[in-house]
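What follows is a set of notes on a single structure, which appears directly below.
The values are calculated or read from the model by the stated rules, or taken from the named source; none is laboratory data. This is a predicted model, so every value here is computed, not measured. Note: ideal-geometry Cβ built from the backbone for every residue, glycine included; neighbour counts use all protein chains shown.
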Amino acid sequence: MKQDEQLHGNIVVNLFRCSNLLERLGRKLAAEAGLTSVHQWFILSALADGELSLKQLGLNAHVTKQNMTGMIERLKQGGLVATCEDPEDRRVTRVRLTDKGRQVLARLDSFDAFGQATTLKHLCTEDLSSLNRCLQRLIDHMNDG
């Protein structure tokens, strides 16, 4: 049991270390793409599959509705997203990517832009898929808690 606890502690510490390094790299890449924060990148990524409500975006990015409203306004000013009323509930604001937003996201999400500056390029597709699945399960479990 002690060995498992130590392993869990090491994993958490390494995730924090990795997070700090990714945050630093993410800020640089986001700035190069004209974004003011990594959170803007998160929002664009969340909208990649279609429009979402402000509430859904807030839950996805783990930020308050007030913070999400401000971030969406800045993205709108940059021409990266557009908003509209939900046709079924006028109290709900829906957000979608614009063509410009899709272009920025494509640049940010390209493996070349991110892979060249990280060690991801040293992992095979099977390892990357496994890592992605494990991280997603961890995130899902933490969201449930």
Which of the residues spanning segment 12-44 are free of Cβ contacts under 8 Å to residues at least 40 places away in the same chain, of a type in the set (G, A, S) and touching a helix residue (DSSP H, G or I) at 6+ places or on another chain (Cβ under 9 Å)?
G26, S37
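Can you find a residue that is within 18 Å of the chain's Cα centre (by Cα) and over 20 Å from N14 (Cα atoms) anywhere in segment 77-92? First the steps, then the outcome.
Here is the first cut: in segment 77-92, the residues within 18 Å of the chain's Cα centre (by Cα) are 80-81.
Keeping just the survivors that are over 20 Å from N14 (Cα atoms) gives 80-81.
Checking segment 77-92: at least one residue is within 18 Å of the chain's Cα centre (by Cα) and over 20 Å from N14 (Cα atoms).
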Starting from segment 54-68, take each residue that is modelled with pLDDT of 80 or more and list its partners that are surrounded by 13 or more Cβ atoms within 10 Å (Cβ to Cβ) and part of a loop (DSSP other than H, G, I, E, B), counting only C-beta distances under 8 angstrom and pairs at least six apart or across chains.
L54/V92; K55/V92; L57/L47
Checked segment 1-44 for anything surrounded by 12 or more Cβ atoms within 10 Å (Cβ to Cβ) and in a loop (DSSP other than H, G, I, E, B); matches are A33, G34, L35, T36, S37
Near pairs, Cβ below 6 angstrom, 6+ apart or cross-chain, from segment 114-125 (within 15 Å of C18 (Cα to Cα)) to any residue that is modelled with pLDDT under 80
G115/K121
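Can you name every one of the helices (runs of 4 or more DSSP H) wholly within segment 45-116 that holds 3 or more residues which are surrounded by 15 or more Cβ atoms within 10 Å (Cβ to Cβ) and in contact with a helix residue (DSSP H, G or I) (Cβ under 8 Å, 6 or more places away or on another chain)? Reasoning before the result, please.
Details: elements: 54-61, 65-77, 99-109, 111-115.
It comes to 54-61, 65-77, 99-109.
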Single residue of segment 72-120 satisfying the filter (polar (S, T, N, Q) and closer than 28 Å to L131 by Cα) that is modelled with the lowest pLDDT
Q116
